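Worksheet for the structure shown next.
Since every read-out is calculated from the coordinates, none of them should be taken as a lab result. Here the structure is a predicted model, which is why all the values come from computation and not from measurement. In this analysis, Cβ positions are derived from the backbone assuming ideal geometry, glycine residues included, and neighbour counts consider all displayed protein chains.
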Amino acid sequence: MNIVVLCGGVGGSKLALGIYEEFPGESVTAIVNTGDDLELFGVHISPDIDTVTYTLAGLVNESSGWGLGDDTFRALGMLERYGHVGWFHLGDADLATHLVRTEMLRNGATMTEVTQFISQRLGVTATVLPMCDEPVRTRVRVADGWLAFQEYFVKRRHADTPFAVEFSGVKDARMSTPVLRALEVADIIVVAPSNPVVSIGPMLAVPGFRESICDARAPVTAVSPFVGSESVTGPADALMRAIGGESTSIGLARHYADWIDRIVIDTSDAPAANDIRDIAVACDVTNTLMRTREDKRHLARFVVEAAW
Ligand code: FO1
């Protein structure tokens, strides 16, 4: 079976891990958002790709959900001595990943090639694919202007009310052959409970991406990141409102309705299931909170079996 999962960083990588562990004999491909990428001190950082890769490799920092476990921050401390404010916490070992990526990109490799190299070196047997090879940068408009995504998210701790979101460069992005092929041969496409606006949104904005999913023979199942009217983690609720949507599973079903077949919502939202079915989206109910390894594996199996 070919299982494809569309995901962003922390939330998405948990479900990707559940699928990877629960279906060890199957081919698993994670298509990952790169709209959060940034350049700092001349290095290319791809937070969502690294979060997914480190998670699947069993190397992620379990308490934050990003970065490497047991990393140290001596380089960051030294940068601070040179007067740089270390608002983006780059670990020493993590820095090696960014150095390798930057060097390979400078030598002409694509993001797809770099990502494959890094994930293979870290022992990941799933395929991790960037959503595209071209640079796409998510920007968020707040009261005092447009912010690069990580400035909004990390530097200002997503405390500003967002009013609009854009994916700079996306018009020039193209579907890569591996992404096209993965969607074509998929037996099931899972949309992880990642931020619908800034994690899944950039992928859908890549020209041809939405059409390729609609043309795919695989059923498409999304897991809702909302429980009640709040997102499980991060600012998905505020960002849904910024694009005129509603921050509930019903709002998500409406937002995704034209390209998904099915949505999985949390048990505590069970009363919303019939309203979702009225939007012509099939709906299943289970525990979607992924606190433990067993939770992740349960959700992975539930999602795959519900679609089949
Ligand atoms: N998230 C934070 O909240 N603070 C950080 O300082 C931070 C550093 C960081 C470094 C490398 C990396 O791969 C991810 C990092 N993240 C950090 C996570 C990241 O900003 C977000 O979780 C994603 O971009 C949202 O999906």
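Compute the FRET efficiency between residue 243 and residue 21 as 1/(1 + (r/R0)^6), taking r as their Cβ-Cβ distance and R0 = 30 Å, and round to the nearest 0.05.
0.35
Contact order normalised by length for the chain, with contacts defined as Cα pairs under 8 Å and 6 or more residues apart; what percent is it?
That works out to 19 percent.
Label points 7 Å out from Cα along the Cβ direction at residue 217 and residue 79: separation in nm?
Between residue 217 and residue 79, the simple spin-label model gives 4.7 nm.
Which value, to two decimals, describes the C-alpha radius of gyration of the chain once divided by 2.2 N^0.38 Å?
Against the compact-globule rule of thumb, the ratio is 0.95.
Would you tally the net charge around residue 75, using a Cβ to Cβ cut-off of less than 13 Å, leaving residue 75 out, and scoring K and R as +1, D and E as -1?
Once all neighbours under 13 Å are counted, the net charge is -2.
How do 214, 283, 132 rank when sorted from fewest to most other Cβ atoms within 10 Å of their own Cβ?
By the 10 Å Cβ count, ascending: 214, 283, 132.
Using a 10 Å cut-off around each Cβ, can you sort 19, 250 from fewest to most neighbouring Cβ atoms?
The most exposed by this proxy come first: 250, 19.
Can you return the lysines within cross-link range of residue 155? Criterion is Cα-Cα under 28 Å, with same-chain partners fewer than 8 residues away left out.
The reachable lysines, counting only those whose Cα sits under 28 Å from residue 155, are 14, 171.
Please work out whether the stretch 103-206 counts as rounded, prolate or oblate from its C-alpha gyration tensor, where a ≥ b ≥ c are the square roots of the eigenvalues and a/c under 1.5 means rounded, while otherwise a/b larger than b/c means prolate and anything else oblate?
Verdict is prolate for the stretch 103-206.
Using the Cβ atoms and a cut-off under 14 Å, what net charge is assigned to the surroundings of residue 1, where Lys and Arg are +1 and Asp and Glu are -1?
It works out to a net charge of -2.
Going by how many other beta carbons lie within 10 Å of each one, how would you line up 302, 226, 41, fewest first?
Starting with the residue having the fewest Cβ neighbours, the order is 41, 302, 226.
Can you work out D for the stretch 163-264 in µm² s⁻¹ from Stokes-Einstein, where Rh is the Kirkwood radius over C-alpha pairs, the temperature is 4 °C and the viscosity is 1.567 mPa s?
My calculation gives 92 µm²/s for D.
Going by amide H atoms built from the backbone, whose H comes under 5 Å of the H on residue 6, apart from near neighbours?
Hits under the 5 Å cutoff: 31, 190, 191, 192.
Once label points are set 7 Å from the Cα along Cα→Cβ at both residue 72 and residue 258, what is their separation, rounded to one decimal in nm?
It is 5.3 nm.
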